[in-house]
Structure formats: structure tokens, C-alpha cells
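*Asks:* Sending over a structure as C-alpha cells; questions will come in a sec.
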Amino acid sequence: LKLGDPPIDLSLSTGAYQGDLDLSGLSITNLSISDGASKATVRFDSLNPVEMRSFTYKTGASDVELYGLGNANVRQITFESGVGAYTLDFSGDLQEDMNVRVQSGMSDLLIIIPENVRARVTFSSGLSNIDATGTWTITNTVYECGNSGPTINISIDMALGNLQLKQQ
């Protein structure tokens with residue numbers, strides 16, 4: 001499926017599938033993806049030329065990787081998942097502050113923050129293991145890195161699982 005240049009609101013709803021979605025450079029104003037048991041990769045290898053108001057991803061028991069979220073040019077991301085393995089990579093050209101809400105069941109979650117980006121990650125609920133690599137300041141359930149530019153504010157609510165914060 002190839003999409004054109006005009007700004008679009010894009011909504012994808014699938015069941016069990018395996019897919020690779022390359023949304024690089026598309027003018028997306030709102031994005032909603034909903035799937036069942038899947039193995040999916042979504043990437044933004046170049047900057048979204050328009051501001052995206054929201055990006056919502058809802059998934060069941062799956063393996064989902066989101067790459068280049070800094071290029072999505074989005075203010076609000078909501079990621080809801082069940083049991084599975086998930087990667088949220090915030091590389092790219094972050095234009096403005098970004099708010100991210102993650103709600104997950106029992107899962108392995110990898111969050112990648114570029115070295116030159118400010119991030120504040122706040123946890124609630126029953127995380128089993130948190131492994132943070134890079135330069136993080138830790139205060140109770142808040143992890144922070146970076147000191148200039150736009151900020152990625154991430155709120156994580158996990159029932160149980162492993163969280164890896166990687167600054168690279």
C-alpha cells in the first residue's frame with residue numbers, strides 16, 4: 001500500500017499478522033494502530049512534515065517495535081499492550097515536548113532514548129526489574145536524563161515485567 005502526499009488521518013486495524021510499516025516522511029496528522037497477536041515493526045526514518053496530534057497503538061499478545069518516534073513529530077503517544085515484547089525507540093529529530101503513556105500487562109519493554117535528548121520516565125504499578133544504561137538521575141520512581149532541548153515525558157503503568165531503559 002502506497003500513500004500520497006496530502007496530510008492524512010491514518011487508522012489501521014488488524015488481527016494476527018506479521019508486518020513492517022514504513023511511515024517515513026508521510027504527512028500524518030493522527031495515527032491509530034490496533035492489532036491482535038502480531039509481530040509488527042513501525043518506523044519513521046525521516047521527519048513527518050506535519051505535526052501529528054496523537055499516535056495510539058493498541059496490541060494484544062505480540063512483539064512490536066516502534067522506531068524513530070522522534071521523527072513522528074507527535075505530541076501525544078498512547079501505547080497499550082498485553083503480554084509480549086515491545087521496543088519504543090525515540091531516535092529522530094524531536095521537534096517539541098512529547099508525552100507518552102504506556103500501559104502494559106506482563107511484558108518485556110525496551111525504551112531507547114538518544115543521548116542528546118531530555119527524558120523523564122515515571123513508573124507506577126508492579127514492575128519486576130528495571131535496568132537503566134546510560135546517564136540517568138534516579139529519584140524514587142522517576143528516571144531522568146539529558147539537560148537541554150525538548151523533553152520526552154513517559155509514564156509507564158505495567159502489571160509485571162522487565163523494563164530496560166537505554167540511553168544511546
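The values are calculated or read from the model by the stated rules, or taken from the named source; none is laboratory data. Predicted, not measured: the structure shown is a model, and the values here were computed from it. Here the Cβ is made from the backbone with ideal geometry for all residues, glycine too, and neighbour counts use every protein chain on show. In case anyone asks, the SASA skips ligands and DNA or RNA and just uses the protein heavy atoms, side chains included. Shrake-Rupley method; radii C 1.70, N 1.55, O 1.52, S 1.80 Å.
*Asks:* Taking the range 71-104 on its own, how many of its residues are in a strand (DSSP E or B), open to solvent by 40 Å² or more (accessible area, probe 1.4 Å) and of a type in the set (S, T, N, Q)?
*Replies:* Final tally of qualifying residues: 3.
*Asks:* If I filter the range 1-33 down to residues being of a type in the set (Ser, Thr, Tyr) and open to solvent by 50 Å² or more (accessible area, probe 1.4 Å), which single residue comes out as farthest from residue 77 (Cα to Cα)?
*Replies:* Among those that are of a type in the set (Ser, Thr, Tyr) and open to solvent by 50 Å² or more (accessible area, probe 1.4 Å), it is 17.
*Asks:* Can you name the condition, by its number, that residue 36 falls short on among (1) under 13 Å from the mean Cα position of the chain (by Cα); (2) open to solvent by less than 30 Å² (accessible area, probe 1.4 Å)?
*Replies:* Failed condition: (1).
*Asks:* Separate question: Residues of the range 145-168 being at pLDDT below 90, of a type in the set (S, T, N, Q) and touching an Asp or Glu at 6+ places or on another chain (Cβ under 7 Å), which ones?
*Replies:* 168
*Asks:* Something else about it: Which condition breaks for residue 52 when tested against (1) open to solvent by less than 30 Å² (accessible area, probe 1.4 Å); (2) farther than 24 Å from residue 164 by Cα; (3) of a type outside the set (D, E, K, R); (4) in contact with an Asp or Glu (Cβ under 9 Å, 6 or more places away or on another chain)?
*Replies:* Evaluating residue 52 over (1) open to solvent by less than 30 Å² (accessible area, probe 1.4 Å); (2) farther than 24 Å from residue 164 by Cα; (3) of a type outside the set (D, E, K, R); (4) in contact with an Asp or Glu (Cβ under 9 Å, 6 or more places away or on another chain) leaves (4) as the failure.
*Asks:* Take the conditions of a type in the set (Asp, Glu), open to solvent by 40 Å² or more (accessible area, probe 1.4 Å) and over 20 Å from residue 92 (Cβ atoms) and apply them to residue 45. Does it pass?
*Replies:* It is false that residue 45 is of a type in the set (Asp, Glu), open to solvent by 40 Å² or more (accessible area, probe 1.4 Å) and over 20 Å from residue 92 (Cβ atoms).
*Asks:* Then there is this: Name the residue, out of 113, 138, that is over 21 Å from residue 35 (Cα atoms), at pLDDT 90 or above and open to solvent by less than 50 Å² (accessible area, probe 1.4 Å).
*Replies:* 113
*Asks:* Right, another one. Residue under question is residue 127, and the condition is that it be among the hydrophobic types (A, V, I, L, M, F, W, C), surrounded by fewer than 16 Cβ atoms within 10 Å (Cβ to Cβ) and at pLDDT below 90; does it hold?
*Replies:* no
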